[in-house]
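The values are calculated or read from the model by the stated rules, or taken from the named source; none is laboratory data. Just so we're clear, the structure is a prediction, and the values are computed from it rather than from any experiment. Cβ atoms come from the backbone with ideal geometry, glycine included; neighbour counts cover every protein chain shown.
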């Protein structure tokens with residue numbers, strides 16, 4: 001018979017074998033071992049929504065990489081710096097301090113992914129304008145700006161327990177992430193998803209227009225010189241053309257649990 005350890009909880013006596021104790025220790029280790037999960041994929045693959053859901057299911061922090069570019073874009077517009085002045089834009093990015101935090105319940109209810117702080121000032125709402133989005137898209141093509149923001153993203157990852165999505169997270173930002181996912185879906189499926197988003201915002205684009213937009217975005221992302229959209233060699237490919245958000249998120253959580261290291 002295995003030796004037994006005993007303790008009392010109130011009037012209830014509980015017994016646990018050394019074997020059970022070892023199992024418990026392994027589970028505690030699994031719960032405290034915190035991974036970095038990188039999710040990449042083209043526009044409309046659902047990576048933002050999936051990443052947020054995975055973070056919620058694992059109790060991790062979701063990091064919106066695009067918010068960092070938007071924050072610098074906002075500062076660029078406020079300082080009235082020309083978007084063609086690469087040198088000044090790189091300097092501006094280097095002088096900026098960006099911090100991402102989990103959203104409040106109210107912010108999450110309206111679809112905000114993170115609380116965004118720029119140089120100590122919360123700019124969560126200010127960065128969600130079309131003008132800022134367009135400026136952020138331009139900044140993302142500047143190698144020096146990307147270098148600065150990748151360093152910021154890596155700093156935010158320290159300690160693990162984060163989920164980040166984008167187009168070069170597994171290849172450039174977190175090449176050593178414990179779990180890399182590449183989300184894919186057919187262009188038609190992705191266009192339909194984006195079209196529904198436009199509909200919810202009251203925007204009157206046709207499905208055909210959105211499909212063309214998706215195909216053009218795919219071409220730009222895959223052919224750009226700085227950090228093009230490519231699947232990391234060790235990334236798990238998930239085609240979620242016929243999968244919902246919940247099913248996709250649960251699959252990624254399953255993969256994450258498989259990668260938690262065994263207790264020493």
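Quick notes
- Residue ID - nearest to residue 60 (Cα to Cα), chosen from residues in the range 95-114 that are surrounded by 15 or more Cβ atoms within 10 Å (Cβ to Cβ) and at pLDDT 90 or above: 98
- Positions within the range 80-92 being assigned to a helix (DSSP H, G or I) and farther than 16 Å from residue 133 by Cα, in sequence order: 86, 87, 88, 90, 91, 92
- Criterion: modelled with pLDDT under 50 and more than 28 Å from the chain's Cα centre (by Cα) - qualifying residue of 16, 81: 16
- Test: residue in the range 99-113 that is part of a strand (DSSP E or B), in contact with a helix residue (DSSP H, G or I) (Cβ under 9 Å, 6 or more places away or on another chain) and closer than 17 Å to residue 73 by Cα: yes
- Number of the exception - residue 210 against (1) within 20 Å of residue 49 (Cβ to Cβ); (2) in contact with a strand residue (DSSP E or B) (Cβ under 6 Å, 6 or more places away or on another chain); (3) surrounded by 14 or more Cβ atoms within 10 Å (Cβ to Cβ): (2)
- Inspection of the range 135-152 identifies at least one residue that is assigned to a helix (DSSP H, G or I), in contact with a strand residue (DSSP E or B) (Cβ under 7 Å, 6 or more places away or on another chain) and within 22 Å of residue 228 (Cβ to Cβ).
- Flag if residue 233 is out of contact with any helix residue (DSSP H, G or I) (no Cβ under 7 Å at 6 or more places or on another chain) and at pLDDT below 90: no
- Of the criteria (1) modelled with pLDDT of 95 or more; (2) touching a strand residue (DSSP E or B) at 6+ places or on another chain (Cβ under 9 Å); (3) farther than 19 Å from residue 255 by Cβ; (4) crowded, with 20+ Cβ neighbours inside 10 Å, which one residue 122 fails: (4)
- Residue within the range 60-71 that is in contact with a strand residue (DSSP E or B) (Cβ under 9 Å, 6 or more places away or on another chain) and modelled with pLDDT of 95 or more present: yes
- Qualifying position, being crowded, with 20+ Cβ neighbours inside 10 Å, touching a strand residue (DSSP E or B) at 6+ places or on another chain (Cβ under 8 Å), over 26 Å from residue 110 (Cβ atoms) and outside the structural domain of residue 140 (by TED's automatic domain parsing), among 171, 248: 171
- Top-ranked residue of the range 114-133 - restricted to ones that are in a helix (DSSP H, G or I) and under 20 Å from the mean Cα position of the chain (by Cα), ranked as farthest from residue 96 (Cα to Cα): 133
A quick yes/no check of all residues on (1) in a helix (DSSP H, G or I); (2) touching a residue at least 24 places away in the same chain (Cβ under 8 Å); (3) surrounded by fewer than 17 Cβ atoms within 10 Å (Cβ to Cβ); (4) in contact with a helix residue (DSSP H, G or I) (Cβ under 8 Å, 6 or more places away or on another chain):
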{"position": "177", "(1), (2), (3), (4)": "no, yes, no, yes"}
{"position": "181", "(1), (2), (3), (4)": "no, yes, no, yes"}
{"position": "188", "(1), (2), (3), (4)": "yes, no, yes, yes"}
{"position": "203", "(1), (2), (3), (4)": "no, no, yes, no"}
{"position": "214", "(1), (2), (3), (4)": "yes, yes, no, yes"}
